[in-house]
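So the structure is just underneath, and the comments pick up after that.
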Amino acid sequence: MTKAMTGAKMVVQALVDQGVEVVFGYPGGAVLPIYDEIFQQNQIKHVLVRHEQGAVHAAEGYARSTGKVGVALVTSGPGATNAVTGLTDALLDSIPILVLTGQVPTFMIGTDAFQEADTIGITRACTKHNWLVKETDKLGQTLHEAFHVATSGRPGPVLIDIPKDVQFATGKYAQKTQMETHYQPQVKGDLDAIKELALAMATAKRPVFYTGGGVVNSGTAASQLLRELVEATNFPITSTLMGLGAYPASGENWLGMLGMHGLYEANMAMHDCDLMINIGARFDDRITGRLDAFSPKSKKAHIDIDASSINKVIHVDIPILGDVAHVLEDLLKVWKANGRKTDKEGLSKWWDQINEWKKVDCLSFKQEGKIIKPQYALQRLEALTKKYDRYITTEVGQHQMWAAQYLGFEDPNRWMTSGGLGTMGYGHPASIGVQMAHPDALVINIAGEASWLMNMQELGTSMQYRLNTKQFILNNERLGMVRQWQELLHGERYSSSWSESLPDFVKLAEAFGAKGIQCHDPDALDDAIMEMITYDGPVLFDCLVEKHENCFPMIPSGKPHNEMLLGDADTKGAIKAGGAVLV
Amino acid sequence: MSPLKLKKGASSHSAYDLKTPFSDTVERHTLAVIVENEPGVLARVIGLFAGRGYNIESLTVAEIDHTGHLSRITIVTSGTPQIIQQIKSQLGRIITVHSVNDLTVEGPSVERELALLKVTGKGDQRIEAIRLADIFRASVVDSTLESFVFEITGTPEKIDAFADLMRPLGLQEVARTGVAALSRGPDAHV
Ligand SMILES: Cc1cc2nc3c(=O)[nH]c(=O)nc-3n(C[C@H](O)[C@H](O)[C@H](O)COP(=O)(O)OP(=O)(O)OC[C@H]3O[C@@H](n4cnc5c(N)ncnc54)[C@H](O)[C@@H]3O)c2cc1C
Ligand SMILES: Cc1ncc(C[n+]2csc(CCOP(=O)(O)OP(=O)(O)O)c2C)c(N)n1
């Protein structure tokens, strides 16, 4: 049944029909009719952010922590251009979000009207798809299709540009069930390819699961099936930054994260394996290092829903196009039907080798003296928050990598980080989105002081909506990650890589009405963290840490996996045993 | 739509899959891309090629099904087998793209291009131009006492050859449509 209503009303109606509970947004002239509709209803909550970039990252945080579509609403012109970074971020990390932008009236498009921008042109390259709706009659269909496109296949950001006259005009609203689309990506994998993989698994001597964000994208069933598969096969498993939590960090077969700042054992296993099973990961350059030296001896299988991810940079022997959960279900069936065979003897030798690598203890560090090491701060944070219903977001830099190394994730959707674009300023607004979705959970944004300053204004949002987000800043007064590269690769010439004229973070928090805590003493750290956790309200935690600490392990760009820098003299002996490893 | 799935029963040309996918040989492929005829669809396709640094040797587009709102874009592109594969996969990701067909691998196909050439000259040059046009089966669509406009249809190579011959005979201007291509035989791509 089609109902007549205004375009603005259709927007709200479609969001309600799609089960949207919250919209992150910022008003302006071109979206006033929609804001007027939002005012007159109470099914959808609107969160007024302080900057449109914040709205989009908040929608991302909401989406990643719930598996649902995150929605942002912004005005034309500057509102839309401020959304571009968030859209690009969501595109690279495959996050399903919908951004609604206002546009000047259809009859003024192309005239350089006030706050006119070619939003469709600007965002074409940073959305999975976008639409300019010129007729109110088409708005309902477009809104429903947008949800479908954002969540089907490889998820991603979509944008609808709605001219103001289309919002005012009355038209026929197409119901969700009337949505038409030809976009139906294939979810079932080719059974022959799945059988080939099952056979390879039965004979592999040195297999490894290399899992990624695609497992999280595929939904909780995928993580469940992955766990079953790992347990049934006893194969070791590593994950990218984006896939953390799909397999529990406490799981017996867990090798830790792989890649540029991944664990020694994970990278060595990838380098020496004879069967690599990529599940929903995209052979990113932070993972592969030097391409021609990437896992030279292995047969490679790749399960991915996006054909363009397969054979993009690394040649794979067994490509399987499909959704992780669907493919794993079939794979388990086939493998079980084949008699659950693995090469037990080969595997046991493989595990012996892996356990040797583990002895390198690549994450070890020494907390000595009166200055807090960032690793120690995170180790304590992990110990003190583990038992809570906890969600972690991060900014971008060394702190992000340390968080990935020193925190353990037991479930998917608990870890929100900007991986592909590496957007400083992501974590704070993302934590707001997560907290909106999970009001009673402990939501912590692990930040560097420089990143945090990029979207610090959102503390006002947390205050306004009583969101108890905890902003945990590892303050090294440096653009740490940049400084590290300059130290290692640019002759210690620290060009513009320190944070000058920093605010007093405690006073800054207080200026917003939030709580500020500063800690510089390792012995006082536990109490300070407990104070942060138990405080009923937003907290800005300024943790003063060692200024020149480097993040290790590290595979320098352009190097193969087995030329990892461990950076700690203590491990020298063990490294020799491990092979050609540079220290 | 999935470029990983080659058509069942495709001819020997589909042995493409057996080649080393990461070889360095640059190949020329003709792709037929069926798209929804929405404003901006061409920008999406061209933006993809520009943004990812792929080559476009020729591109033609026109509506082919008015009621179904479908257009056909014929793209001639070149790259290593891996790049060609990426181009097809990336095209397949565009929501308004309905199908991507690689006419170069999916069996024999016919390719045609139309060109108009303006040639000016007098006396023997003029007679020679007409004589060559006749051999190439180009027709005269406009003439004055000192000029001809020829219309020629054929493969891009044939048009290249004709233009090369016309150059010393007073070729002034060329307008080419780019390649239109269809697979041979009864099977249709829409
Ligand atoms: C400073 C910095 C350092 C970094 N260092 C590291 C590092 O050391 N290690 C590391 O791992 N990363 C690191 N990253 C992150 C890195 O840049 C990439 O973002 C990350 O490695 C990509 O993860 P992924 O391969 O899991 O792919 P994602 O970006 O999560 O992509 C998911 C893949 O799965 C597919 N997919 C999606 N949904 C499905 C589905 N339902 N079924 C099947 N397939 C699906 C997609 O098509 C895609 O190919 C770093 C980032 C920064 C900013
Ligand atoms: C928006 C943006 N600008 C620049 C960069 C480049 N960059 C990557 S890490 C980094 C330093 C981050 O410093 P900080 O937030 O203090 O974290 P730290 O590395 O010190 O932990 C910079 C500038 C980026 N990733 N994003």
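The values are calculated or read from the model by the stated rules, or taken from the named source; none is laboratory data. All values derive from a computational prediction rather than experimental measurement. Here the Cβ positions follow ideal geometry from the backbone for every residue, glycine too, while neighbour counts run over all protein chains shown. SASA here: full protein model, heavy atoms, side chains in, ligands and nucleic acids out. Shrake-Rupley method; radii C 1.70, N 1.55, O 1.52, S 1.80 Å.
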Those GluC sites (Glu not before Pro) from region A:483-544 that are DSSP loop and have at most 13 other Cβ neighbours within 10 Å turn out to be A:E492, A:E500
With +1 at each Lys and Arg Cβ and -1 at each Asp and Glu Cβ, the charge dipole magnitude of region A:184-319 around its Cα centre, to the nearest 20 debye, comes out at 120 debye
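Quick one: of the DSSP bridges fully inside the protein assembly as shown, what percent are antiparallel, nearest 5?
On the way: 51 of 118 bridges.
Here the antiparallel bridges make up roughly 45 percent for the protein assembly as shown.
If contacts are Cα pairs under 8 angstrom and at least 6 residues apart, what is the relative contact order of region A:2-78 in percent?
Worked out over region A:2-78, it gives 38 percent.
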Quick calc, region B:109-180, dipole around Cα centre from Cβ unit charges on Lys, Arg (+) and Asp, Glu (-), nearest 20 debye, gives 80 debye
Counting only DSSP loop positions in region A:108-209, the GluC sites (Glu not before Pro) whose Cβ has at most 14 other Cβ atoms within 10 Å are A:E135, A:E180
Using alpha carbon centers only, region A:172-190 is separated from region B:54-88 by a whole-angstrom value of 25 Å
A 1.4 Å probe over the protein heavy atoms gives chain A a carbon and sulfur accessible-area percentage of 51 percent
Extend 7 Å from the Cα of A:W351 along its Cα-to-C-beta direction; within region A:180-221, residues with backbone N under 17 Å of that point are A:202-209
Rounded to whole Å², per residue accessible area for chain A with a 1.4 Å probe reads 37 Å²
Among trypsin sites (Lys or Arg not before Pro) in region B:90-190, those in a DSSP loop whose Cβ has at most 12 other Cβ atoms within 10 Å are B:K122, B:R137, B:R184
Residues of region A:291-309 that bury at least 20 Å² of accessible area, probe 1.4 Å, when all protein chains are present rather than the chain alone, are A:D306, A:A307, A:S308
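If you place +1 on the Cβ of every Lys and Arg, -1 on the Cβ of every Asp and Glu, and leave all else neutral, what size is the dipole of region A:374-544 about its Cα centre, to the nearest 20 Debye?
Details: 12 positive and 21 negative charges, 75 e Å.
The calculation lands at about 360 debye.
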Zone reached by a paramagnetic label modelled 7 Å from A:E477 Cα along Cα→Cβ, restricted to region A:357-400 with backbone N below 16 Å, covers A:370-374
A:L384 and A:Q457 label points (each 7 Å along its Cα→Cβ direction) are spaced in nm at 3.2 nm
Helix A:7-17 sits off the longest principal axis of the Cα atoms of chain A, rounded to the nearest 10 on a 0 to 90 degree scale, by 40 degrees
Once the in-chain neighbours fewer than 8 apart are removed, the lysines whose Cα is under 23 Å from A:K547 read A:K366, A:K370, A:K373, A:K470, A:K507
If one builds a Gaussian network model of chain B from Cα atoms under 10 Å apart, the most fluctuating residue listed among B:I127, B:I73, B:I64 is B:I127
Partner lysines whose C-alpha sits under 27 Å from that of A:K3, ignoring same-chain residues fewer than 8 away, are A:K45, A:K68, A:K134, A:K138, A:K164, A:K172, A:K176
At R0 = 30 Å the Cβ-Cβ FRET efficiency linking A:T66 and A:E228, nearest 0.05, sits at 0.80
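At a Förster distance of 35 Å, what's the computed FRET efficiency of A:K172 paired with A:D411, Cβ-Cβ distance as r, to 0.05? Let's see the in-between values first.
Values: r = 43 Å, r/R0 = 1.23.
Rounded to the nearest 0.05, the efficiency is 0.20.
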Length gained if B:R167 through B:E57 is fully extended, taking 0.36 nm per residue and subtracting the Cα-Cα distance, is 37.4 nm
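Calculate, for B:I127 and A:T111, the FRET efficiency according to 1/(1 + (r/R0)^6) with r their C-beta to C-beta distance and R0 45 Å; round to the nearest 0.05.
Working: r = 56 Å, r/R0 = 1.24.
Working from the Cβ atoms, E equals 0.20.
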The helix A:139-151 Cα axis meets the longest alpha-carbon principal axis of chain A at an angle in degrees, between 0 and 90 and rounded to 10, of 0 degrees
To the nearest 10 degrees, the tilt of helix A:427-437 (Cα long axis) against the first principal axis of the alpha carbons of chain A is 70 degrees
Per-residue accessible area, 1.4 Å probe, largest first, puts A:F114, A:F409 in the order A:F114, A:F409
Once normalised by the length of chain A, the mean sequence separation of its alpha carbon contacts under 8 Å that are 6 or more apart gives a contact order in percent of 14 percent
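For region A:3-178, what class follows from the C-alpha gyration tensor (a ≥ b ≥ c being the square roots of its eigenvalues): rounded when a/c is under 1.5, otherwise prolate if a/b is larger than b/c, else oblate? Intermediate results must be reported in sequence, preceding the final value.
Values: a/c = 1.36, a/b = 1.11, b/c = 1.22.
Judged from the Cα gyration tensor, region A:3-178 comes out rounded (a/c under 1.5).
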So, over other residues within a Cβ distance under 13 Å of A:I237, counting Lys, Arg +1 and Asp, Glu -1, the net charge is -3
In terms of the charge dipole of the protein assembly as shown, which places +1 on Lys and Arg and -1 on Asp and Glu at the beta carbon, the residue among A:N355, A:L565, A:L544 farthest towards the positive end is A:N355
For A:K344, counting only lysines whose alpha-carbon sits under 29 Å away and dropping same-chain residues fewer than eight positions off, the answer is A:K195, A:K205, A:K297, A:K299, A:K300, A:K333, A:K336, A:K358, A:K359, A:K576
Buried accessible area between B and A, both sides, 1.4 Å probe, in Å² rounded to 100, is 1800 Å²
Once normalised by the length of region B:27-102, the mean sequence separation of its alpha carbon contacts under 8 Å that are 6 or more apart gives a contact order in percent of 47 percent
